Amino acid sequence: MSEITNEIKNEIKKRRTFAIISHPDAGKTTLTEKFLLYGGAINQAGSVKGKATAKHAVSDWMEIEKERGISVTSSVLQFNYDGFCINILDTPGHQDFSEDTYRTLMAADSAVMVIDASKGVEAQTRKLFKVCTMRHIPIFTFINKMDREAMDTFELLDDIENELGIATCPVNWPIGSGKEFRGVYDRNTKKVELFSDTQKGTTQGEVRKIDINDPEIDSLITEDQKNQLEEEIELQDGAGAEFDQELVSKGELSPVFFGSALTNFGVETFLQHFLAMTSSPLPRKSDDGIIDPMKEEDFSAFVFKIQANMNKAHRDRIAFMRICSGKFEAGMDVFHIQGGKKVRLSQPQQMMASERHMVSEAYGGDIIGVFDPGIFSIGDTLTTSAKRYAYEGIPTFAPEHFARVRQVDTMKRKQFIKGINQIAQEGAIQIFQEYNTGMEEIIVGVVGVLQFDVLKYRLENEYNVEIRMDSLPYEYIRWIANEEVDMDKLSGTSDMKKIKDLKGRPLLLFVNEWSVRMTQERNDGLILEEFGRS
């Protein structure tokens with residue numbers, strides 16, 4: 001293997017790739033827009049639900065997202081700032097689309113968790129956080145909406161530590177909240193950054209910083225606020241965790257920042273600290289050992305997302321891949337490990353939501369979309385290396401809701417099968433068949449019920465197919481790990497249903513959880529798994 005060139009090394013060193021996660025309405029999309037604003041990627045930020053201007057967030061591109069004001073699919077956004085090339089993976093906040101977020105986190109090196117200052121840790125944050133801890137990736141916390149009434153600062157920090165099981169280290173400390181919000185105190189520089197509500201939608205306006213011991217501070221914050229700040233800082237210094245870069249890198253300590261994404265306050269400060277505290281793209285596990293982008297010259301990448309019909313005019317499918325090592329060049333030939341053959345990566349592009357531009361080159365850490373003629377699946381590995389290794393597979397999460405789906409117009413069977421298959425390949429839904437029949441009976445499984453609405457909407461709008469859905473009572477699905485099991489002789493319970501996935505692998509559906517245990521007891525040696533592999 002030849003030595004990696006300095007050009008590739010230097011480009012990879014500049015890269016930062018992170019996912020941004022939160023509960024719905026915590027302000028994640030607004031924060032993302034402000035990052036893009038600082039990087040010069042957009043000129044004006046439009047509020048997600050800005051009724052006056054009817055602007056939509058740049059990261060929400062699907063029609064149903066614009067109608068409902070929620071993100072249902074992950075977006076990939078890239079911008080440059082202060083010599084860094086930053087890839088943001090914006091994820092859906094709504095729990096019904098959490099599987100898309102799980103997969104996106106597989107492509108990130110760190111995560112930014114946005115928390116609403118008035119609500120603290122919410123259900124969805126908890127669920128997504130567990131995925132981050134499973135991967136031991138660094139987590140940075142931005143406590144948003146300080147310009148509104150907020151919970152007590154210590155309560156917020158306790159909430160994060162108790163709910164998520166991670167130590168916190170506030171880098172700055174808020175002075176007041178809501179109408180009394182005056183700014184934040186930087187614990188390292190001992191300066192107060194003053195809040196001003198004049199920068200909505202722009203990066204203009206000076207950020208004023210003043211030393212806490214400067215006499216002028218007395219005219220800017222009240223005596224009570226100053227006394228309270230001194231008391232709280234003394235308490236935090238005495239009892240709180242100290243900043244430790246090694247613990248941050250291991251995902252065991254979360255640096256915490258306070259601000260208001262809507263008014264731009266604290267966003268740039270956060271971005272600057274974040275870039276200083278994160279590393280360039282991390283090594284990845286493969287079945288041939290660890291692949292380190294700083295040592296591996298050959299190009300390699302894995303597919304973590306597939307999206308059809310991003311642009312109605314194109315009617316195309318885009319495979320999103322995370323580059324793990326080497327340099328990508330447009331039109332290059334790579335070996336598709338799962339397909340067992342060489343493929344040419346054509347029409348490479350980077351996204352700004354639905355806006356796309358062709359790229360001629362990209363490096364380890366970058367996210368690119370390539371045209372998919374229907375050959376890629378989530379989890380696939382592509383490489384130019386003579387070593388035929390594959391990156392770790394991406395788990396398929398167990399659906400919790402099931403419905404039988406059929407098309408209303410029997411003449412549109414072909415469009416129906418094509419549409420439902422394409423949407424399934426994106427990973428948003430999982431489709432199954434009755435164990436002993438063909439594609440006549442299609443059963444759809446989803447992680448969250450809103451996915452059924454998205455499926456219905458997309459089949460009607462993108463494939464011109466109207467469907468009827470009948471919900472099924474099953475709540476538990478299990479993959480059969482041992483292939484030698486004779487499905488016909490399998491002894492189950494009355495509420496069990498035998499099905500198979502698109503690859504013909506057998507699965508079982510159950511209404512009750514106790515039926516899972518009973519079926520295992522009745523069939524000696526039967527191994528049932530909660531997760532499938534993509």
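A few points about this structure:
- Verdict on Tyr474 being hydroxyl-bearing (Ser, Thr, Tyr), over 26 Å from Asn523 (Cβ atoms) and in contact (Cβ under 8 Å) with a residue 60 or more places away in the chain: no
- When Glu483 is tested against (1) open to solvent by 20 Å² or more (accessible area, probe 1.4 Å); (2) touching a residue at least 40 places away in the same chain (Cβ under 8 Å), exactly one condition is not met: (2).
- Residue match in the range 3-17 (condition: on the phi > 0 side of the Ramachandran plot and touching a residue at least 60 places away in the same chain (Cβ under 8 Å)): no
- Sub-7 Å Cβ pairs linking a first residue in the range 398-425 that is closer than 23 Å to Leu507 by Cα and surrounded by fewer than 16 Cβ atoms within 10 Å (Cβ to Cβ) to a second residue that is of a type in the set (Gly, Ala, Ser) and modelled with pLDDT of 90 or more, at least 6 apart or interchain, number zero.
- Restricted to the range 346-371, and to residues there that are at pLDDT below 90 and not in a strand (DSSP E or B), the residue that is surrounded by the most Cβ atoms within 10 Å (Cβ to Cβ) is Pro348.
- Filtered residue count, the range 121-146, keeping only those that are part of a helix (DSSP H, G or I), among the hydrophobic types (A, V, I, L, M, F, W, C) and either within 18 Å of Met277 (Cα to Cα) or modelled with pLDDT of 75 or more (or both): 2
- Scanning the range 252-264 for residues that are touching a helix residue (DSSP H, G or I) at 6+ places or on another chain (Cβ under 6 Å) and either of a type in the set (Asp, Glu) or open to solvent by 10 Å² or more (accessible area, probe 1.4 Å) (or both) yields a single hit, Leu262.
- Asp316 vs. criteria surrounded by fewer than 20 Cβ atoms within 10 Å (Cβ to Cβ) and under 17 Å from Gly369 (Cβ atoms): yes
- Verdict on Ser118 being modelled with pLDDT of 85 or more, of a type outside the set (A, V, I, L, M, F, W, C) and open to solvent by 10 Å² or more (accessible area, probe 1.4 Å): yes
- Count of residues meeting criterion [among the small types (Gly, Ala, Ser) and either at pLDDT 85 or above or over 19 Å from Asp147 (Cα atoms) (or both)] in the range 188-224: 1
- Residue, surrounded by the most Cβ atoms within 10 Å (Cβ to Cβ), within the range 494-516, restricted to residues that are out of contact with any Asp or Glu (no Cβ under 9 Å at 6 or more places or on another chain), modelled with pLDDT of 90 or more and closer than 22 Å to Arg404 by Cβ: Leu508
- Residue tally, condition assigned to a loop (DSSP other than H, G, I, E, B) and buried (at least 19 other Cβ atoms within 10 Å of the Cβ), over the range 147-165: 2
Conditions tested, residue by residue: (1) over 27 Å from Glu163 (Cβ atoms); (2) of a type outside the set (D, E, K, R); (3) surrounded by fewer than 19 Cβ atoms within 10 Å (Cβ to Cβ).
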position: Gly266; (1), (2), (3): no, yes, no
position: Phe270; (1), (2), (3): no, yes, no
position: Leu282; (1), (2), (3): no, yes, no
position: Lys295; (1), (2), (3): yes, no, yes
position: Ala301; (1), (2), (3): yes, yes, no
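- Per-region count, the range 464-474, residues on the phi < 0 side of the Ramachandran plot and surrounded by fewer than 16 Cβ atoms within 10 Å (Cβ to Cβ): 6
The values are calculated or read from the model by the stated rules, or taken from the named source; none is laboratory data. The model shown is predicted, which means the values in this text are computed figures rather than measured ones. Note that we place each Cβ from the backbone using ideal geometry, even for glycine, and neighbour counts take in every protein chain shown. The area values use the complete protein model at the heavy-atom level, side chains included, leaving out ligands, DNA and RNA. Shrake-Rupley method; radii C 1.70, N 1.55, O 1.52, S 1.80 Å.
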